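To start, the structure itself, in C-alpha cells.
FYI, it's all coordinate maths here, none of it is from the lab. Please read all numbers here as calculations on a predicted model, not as lab measurements. Here the Cβ is made from the backbone with ideal geometry for all residues, glycine too, and neighbour counts use every protein chain on show.
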C-alpha cells in the first residue's frame, strides 16, 4: 500500500512569506503528527491531529499552524517565515493516536532565504 | 515535559563488530520506546520498539533493552554491515502522549 506522501519535496521561500505543506497519511490511518527536523535540534514535535482535531501541540510560536481534513489529509502552515524556519518538515501517520508504529513520510525540505 | 537524551552522537565501528546506542528518559509515565533509522534523503523508519512491560526484545541482529528503574533503554546491533550506516533515533512516549525523540546517533560501519 502507498506510504505517507508529503508534498512538495523541496521549497524555497523568502523571509516574510508564508508556506503550506501537505501530508497524505497511509490509507486507514487517522492520526497525523508533524515534526521539524534540524541538524542542531533533531526532531521537534509540532502538533498531532486526529479526527480533524488537534490533540497535542509542541512548543512552537503561533506562526505554525495546522489542520486535518475529513479524509485525514493534513496541512501545516507557517506564516511570516524566518531564516530559522529552514528545516526538514516530517509528517507521520498512525491508525490512532498513541498507537505504536508511526510511519514517516520523506519530508518537505523548506529553505528560507 | 518528557526529555530524551541519546549517546553517543557519533559512532564508528568496523564491519562485523557490535554497536550500542543508549538513551535515557525523564518521564516515569513513559510506556513506549521505538527506535528509528534514517538514511540520507529519507524519513525515519521504525526498526524496533519495546513497551514498558517488556525488558528486552530481539529481531535478528537488532535488540533493544529497557531498564525502567534507571529510565534508560539501549539499541544493540550485532554483526554490523555497511548498510547499517545511518542516523538512529530513540524516542519515548510519556504521559502527554507526545512521541519525543533523542537527538540522534550517526553510525558509520567501515568495511
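So here's what we get for this one:
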item	result
Spin-label pair residue A:63/residue A:113, simplified geometry with 7 Å Cα→Cβ offset, distance in nm	1.9
Residue A:80 paired with residue B:79, simple spin-label distance in nm, labels 7 Å along Cα-to-beta-carbon	5.7
Mean Cβ count within 10 Å, highest first, over the residues of peptides B:71-80, A:29-38	A:29-38, B:71-80
Listed peptides B:98-106, A:5-13 by packing density, highest first (mean Cβ within 10 Å)	B:98-106, A:5-13
Averaged over B:32-41, number of beta-carbon atoms from partner chains that fall within 10 Å	2
Chain B - percent relative contact order, Cα under 8 Å, separation 6 or more	38
Peptide B:44-55 - average C-beta neighbours from other chains (10 Å radius)	2
Within a Gaussian network of chain A (alpha carbon springs, distance under 10 Å), most fluctuating of A:70, A:79, A:24	A:70
Ascending count of other beta-carbon atoms within 10 Å, so fewest first, for A:83, A:110	A:83, A:110
Sites residue B:69 and residue B:96 - FRET efficiency at Förster radius 30 Å, r taken between beta-carbons, to 0.05	0.85
Most mobile listed residue (B:31, B:53, B:67) in chain B, GNM with C-alpha springs under 10 Å	B:53
Those residues of segment B:75-105 whose amide nitrogen sits under 12 Å from the label point placed on residue B:39, 7 Å along Cα→Cβ	B:82-87
